[in-house]
């Protein structure tokens, strides 16, 4: 049976049902209400997200393996660090402001401990291999290991070994933080129309180069992002 002829409605009703008016509206606003251009821009946005997803996946694998090596080799724990969350992420209580409730005591390591416990469960329990546990940990888990809260407990004794001597922890943390936000946008299929894609890809390649220059070269060689950026339809 031949495919039905497209209707002349603008936007076509099926597109409105597919994307929802609010989501489609972002692209209609960016193309002065032209339905065809809006759909073309949506398709371009999807390709851009896929290209970022490809490159971020390569970086995430490299980052988590580098961090695993650094933590394993330099924390000197009685067991692998994934089985020692009570030591690696021992309770550290800090005072934080909480709106109208004033100041409250917060364990800043509660979330990474919970993330590690969840990864262990998803990997099959306490007998799961470290590799299986690591595979269950999200990018958000790795992202926060370079925060200032872990300067003394993780960065100085272990994680700085994942990077060249003299690497700035705040610089690494800032760049990985931006990439984490980008990854979340990509994962939730959000518009990428107003991000500085070239600058963010620069962050990605910079971190890759710090981890391993050959990783940087591999990601750059196989990335399609530069070509996609030059093919954006309509006004930028």
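Mind listing whichever residues of segment 203-236 are modelled with pLDDT of 95 or more, farther than 24 Å from residue 170 by Cα and assigned to a loop (DSSP other than H, G, I, E, B)?
Within segment 203-236, 223, 224, 230, 231, 232 qualify.
For residue 37, indicate whether it is over 20 Å from residue 154 (Cα atoms), more than 15 Å from the chain's Cα centre (by Cα) and crowded, with 16+ Cβ neighbours inside 10 Å.
Values: over 20 Å from residue 154 (Cα atoms): yes; more than 15 Å from the chain's Cα centre (by Cα): yes; crowded, with 16+ Cβ neighbours inside 10 Å: yes.
Taking the combined requirement at face value, the residue satisfies it.
Restricting the search to segment 71-107, which residues are in contact with a helix residue (DSSP H, G or I) (Cβ under 7 Å, 6 or more places away or on another chain) and under 18 Å from residue 119 (Cβ atoms)?
71, 72, 75, 77, 80, 81, 82, 85, 88, 89
Which pairs turn up if I take residues in segment 34-52 that are within 13 Å of residue 15 (Cα to Cα) and look for partners that are surrounded by fewer than 16 Cβ atoms within 10 Å (Cβ to Cβ) and modelled with pLDDT of 95 or more with beta carbon separation below 9 Å, at least 6 apart in sequence or on another chain?
Matching pairs, first to second residue: 38/25; 38/29; 42/23.
Restricting to segment 98-113, and then to whatever is out of contact with any strand residue (DSSP E or B) (no Cβ under 8 Å at 6 or more places or on another chain) and assigned to a loop (DSSP other than H, G, I, E, B), can you tell me which residue is nearest to residue 170 (Cα to Cα)? Let's see the steps before the verdict.
Quick first cut of segment 98-113, residues out of contact with any strand residue (DSSP E or B) (no Cβ under 8 Å at 6 or more places or on another chain) only: 99-102, 109-113.
Those left that are additionally assigned to a loop (DSSP other than H, G, I, E, B): 102, 109.
Numbers: 102: 28, 109: 19 Å.
Result: 109.
Scan segment 114-143 for residues that are buried (at least 18 other Cβ atoms within 10 Å of the Cβ) and within 29 Å of residue 169 (Cα to Cα) and jot them down.
Just the residues of segment 114-143 that are buried (at least 18 other Cβ atoms within 10 Å of the Cβ), to begin with: 115-116, 119-120, 123, 128, 133-134, 136-137, 139, 141-143.
Passing the criteria: 115, 116, 119, 120, 133, 134, 136, 137, 139, 141, 142, 143.
The values are calculated or read from the model by the stated rules, or taken from the named source; none is laboratory data. These numbers come from a predicted model, not from an experiment. Positions of Cβ are backbone-derived with ideal geometry, glycine not excepted, and every protein chain shown enters the neighbour counts.
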